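The values are calculated or read from the model by the stated rules, or taken from the named source; none is laboratory data. Owing to the predicted nature of the structure, the values given are computational and were not obtained by experimental measurement. Neighbour counts run over all protein chains shown; Cβ positions are idealised from the backbone, glycine included.
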Amino acid sequence: DVEVFPVLNAMFEKIYGESPYKSPTDMGVNMVGNCIVDDEAVKDASRNEIIRRYYKALCEQRKGNGGEESIYKLELLMKQAGTGVDNRPVAAAAMKRAEETGAPAAAIELPDGAIVTGKTSSLLGASSAMLLNALKKLANLDHDVKLISPTIIEPIQHLKVSHLGNHNPRLHTDEILIALCICAATDEKAELAMQQLEKLKCCEVHSSVILSGVDENVFQKLGVNLTCEPIYQTKKLFHG
């Protein structure tokens, strides 16, 4: 704005005879505050964003893509903002579930504030289980309802392991959504669950381990705010 102001000012004076702007900040920067109608909501959203960026910095460091400097800066920001990782309810819920099951877990905070978790099983990864549980909750379906039959999941697992060379038979979030979509063609409850997907936008999600690129991409497309603990599920040298 500072650099372009003289040019823009001259253009207005030449075209209109006078310029409506008196200074660089008069072009809009100093007007941002007028758009804030709920200061507390903005502060809360800002604190949440700092925490999310802190988790992202921790994971990037774990992946070998970041250093201590960015983490230190975010720790200072959290301190100045009077917040910290303890103020992220989904993180506490995911870690508690992981501790109870002894395996990776995930948690999501729904629009009404309810927190739903998912655990790792022989059929599903924690993120996939959490996603199905969240959709059931939003659709007011009983938790014990099977939206996808094991008879549908097992052939997909066989395809992954026996023909596509995957070592992990559990279904990722993209695979579980495709399976759910297929079931929705003949099952009203599955269709009702599918209709809830748009309600996940802007929900907070936390995983007790670093997720695969596939799961991260799905959550990004769904519009959820994802954070992960800087821990890998396995001790493999390379992680996809």
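At-a-glance table
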{"read-out": "Scope segment 1-25; condition touching a Ser or Thr at 6+ places or on another chain (Cβ under 6 Å) and surrounded by fewer than 10 Cβ atoms within 10 Å (Cβ to Cβ); matching residues", "value": "none"}
{"read-out": "Residue list for segment 185-199, restricted to those being at pLDDT 95 or above and of a type in the set (A, V, I, L, M)", "value": "190, 192, 193, 194, 197"}
{"read-out": "Pair list, Cβ under 8 Å, 6 or more apart: segment 87-103 residue within 25 Å of residue 75 (Cα to Cα), other residue β-branched (Val, Ile, Thr) and in a helix (DSSP H, G or I)", "value": "87/51; 88/51; 91/85"}
{"read-out": "Exclusive hit being within 14 Å of residue 130 (Cα to Cα), within 25 Å of the chain's Cα centre (by Cα) and exposed (fewer than 14 other Cβ atoms within 10 Å of the Cβ), set 172, 143, 206", "value": "143"}
{"read-out": "Scan of segment 48-78 for residues that are over 13 Å from residue 206 (Cα atoms), among the hydrophobic types (A, V, I, L, M, F, W, C) and surrounded by 15 or more Cβ atoms within 10 Å (Cβ to Cβ), ordered by number", "value": "50, 57, 58, 71, 74, 77, 78"}
{"read-out": "Residue under evaluation residue 205, criteria (1) closer than 17 Å to residue 118 by Cα; (2) part of a helix (DSSP H, G or I), criterion not met", "value": "(2)"}
{"read-out": "Segment 146-155: number of residues that are aliphatic (A, V, I, L, M) and surrounded by fewer than 18 Cβ atoms within 10 Å (Cβ to Cβ)", "value": "1"}
{"read-out": "Checklist (1) of a type outside the set (Gly, Ala, Ser); (2) in the same structural domain as residue 228 (by TED's automatic domain parsing); (3) over 30 Å from residue 148 (Cβ atoms) applied to residue 76, failing item", "value": "(2)"}
{"read-out": "Selection count, segment 81-122, where residues are modelled with pLDDT under 95 and in contact with a Cys (Cβ under 8 Å, 6 or more places away or on another chain)", "value": "0"}
{"read-out": "Selection from segment 1-32 of residues that are at pLDDT 80 or above, assigned to a helix (DSSP H, G or I) and among the charged types (D, E, K, R)", "value": "13, 14"}
{"read-out": "Set 45, 81, 94, 103: member being crowded, with 17+ Cβ neighbours inside 10 Å and among the aliphatic types (A, V, I, L, M)", "value": "94"}
